[in-house]
Amino acid sequence: MTLVADILIFLAAATAAFYCFVLANRLRRLNRLDDGLGAAIAALSAQVGDLTRALEQTRSGARAAADTLADRTGEAERAIRRLELLMAALNDLPEAPPAAPAAGRRSGTTRTAAAKKAAPRKSAPRRAAPGDDTGRSAPGPG
């Protein structure tokens, strides 16, 4: 009976050793860098590196866009303040009395030299100040 027990223990040990050998081979194949899980891990690691670089580029682009947006918003706020001042200045101007029609004038007649001298001149539009970023010319006085 002991002999049968010893043979069974030996067979169990041999089977366990064979199974360990099979598992070791599977693990070795799994960890190979050319076609196993190691290759998949290496590929994923490279992709993580690429995605990290792309994310950093996206972040720097977003920061630049946010800075540009903040600058443009500041320019717009300055333009709004300037327009509000111009509107307030227009409201402060006295209204011109309506011009009296000349008696006996016909349409198509030319103005006399005295009438031309008495008429106010319109000035050319004033250019924007050097610090003004609105890009539009402001109306001149008058």
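Laid out as a table, the results:
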quantity: Lone unmet requirement of (1) modelled with pLDDT under 95; (2) assigned to a helix (DSSP H, G or I); (3) not charged (D, E, K, R) for Ala76; calculated: (1)
quantity: Close pairs from segment 2-31: first assigned to a helix (DSSP H, G or I), partner of a type outside the set (Val, Ile, Thr) and modelled with pLDDT of 95 or more, Cβ under 8 Å, at least 6 apart; calculated: none
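The values are calculated or read from the model by the stated rules, or taken from the named source; none is laboratory data. Here the structure is a predicted model, which means the values were calculated and not measured. Methodologically, a virtual Cβ is constructed for each residue, glycine included, from the backbone with ideal geometry; neighbour enumeration extends over all protein chains shown.
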